[in-house]
Amino acid sequence: MGSSMCGHLIDAGFSATVYTRSKAKADGVLAKGAQWADSPKAVAEQSDVIFSIVGFPADVREVMLGADGALAGSKAGNILVDMTTSQPSLAIQIAAAATAKGVQSVDAPVSGGDVGAKEARLSIMIGGDRATVESLQPCWEAMGKTIVYQGTAGSGQHTKMVNQTLIATGMIGVCEALLYAHRAGLDLETVMQSVASGAAGSWSLSNLGPRIINNNFDPGFFVEHFIKDMGIALDEGNRMGLSLPGLALAKQLYLALQAQGHGRDGTHALQLALASLSNIDWRAR
């Protein structure tokens, strides 16, 4: 996702200095004219705005706050933008550390997966200082289509947790419905014609349902990263005194899916774990 997003910024006329842990992943943007740096700190030393999108909160902490992190290389007036789905509390911590150095920090997680990143139509959920966020409007527009300011630091991450909670329980419904249709002997493509455009319709059903039917479980978003997101949402829910039984069930089902060896498949591979509960070999049906 990061490569596509950086590519769109370059196409929009911005210069870029990049760092990735695997340099080969930057080949595409280097070919577009980006310059290479040996660390996040070195990127920040050569940049006004520093974007990051990595895997897990520990990665965010290292990339932003580590000894060779972006904040260490930043000067007053720089803007740090983390687009990873991460902990709201960490976003607040980064913002506080940045402010102490005269740097602005924005949390801007995204939804839309690899396809949304490639097609520059991500949904971007943004937390931070409003004036700083508005100053980056040309950057947001280069990467996304739905760009919404949510509030102060951490608000973007909280909004992404809302998004992930909706997806988690919705995916159970999509998979169980297709299992029902299969066991009832219905033609799955024909069923989709009836249900996908009505009140039962959803993005997951319309976009991932056909992949499930065709046994295409390639990742738009990794199961292991989704488990991380659900854990963050549940931790935040516990902190706020919320009972979220649907989300807790979804996480348990996804943990089972990961244990079956599908951690690097797409989130719609949940179909395989649910099918196994009914002794259905979904791939061989």
Legend entry - Span-like helix ranges in the chain, DSSP H, alpha carbon extent 30 angstrom or more, Kyte mean at least 0.0: 155-183
Legend entry - Residue exposure sequence - Y180, Y19 - by fewest surrounding Cβ within 10 Å: Y180, Y19
Inset, instruction - Compute the length gained on full extension between K101 and V162: take 0.36 nm times their separation in residues and subtract their Cα-Cα distance, giving the result in nm to one decimal. - result: 18.8 nm
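Is it possible to state the helix-based mean residue ellipticity at 222 nm for the chain, with each DSSP H run of 4+ residues giving -39500 (n - 2.57), the sum divided by total residues, to the nearest 500 deg cm²/dmol? What is it?
Values: 14 runs with 148 residues, N = 285.
Only helices count here, giving -15500 deg cm²/dmol.
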Inset, instruction - Read phi for every residue in region 68-75 and hand back ³J(HN,Hα) as whole Hz from Karplus 6.51 cos²θ - 1.76 cosθ + 1.60, θ = phi - 60°, with x for Gly and Pro. - result: 10, x, 5, 5, 4, x, 8, 10
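Set the bar at 26 Å for Cα to Cα. Now go through K118/K228; K32/K160; K25/K118; K75/K228; K25/K101; K160/K251 and name every pair that lies beyond it.
On the way: K118/K228 23 Å; K32/K160 31 Å; K25/K118 15 Å; K75/K228 32 Å; K25/K101 31 Å; K160/K251 16 Å.
Where the Cα-Cα span goes over 26 Å, the pairs concerned are K32/K160; K75/K228; K25/K101.
Bear in mind that the values in this text are calculations on the coordinates, not laboratory data. All of these numbers come straight from a predicted model, not from anything done at the bench. Neighbour counts are summed over all protein chains in view; Cβ atoms, including those assigned to glycine, are modelled from backbone coordinates with ideal geometry.
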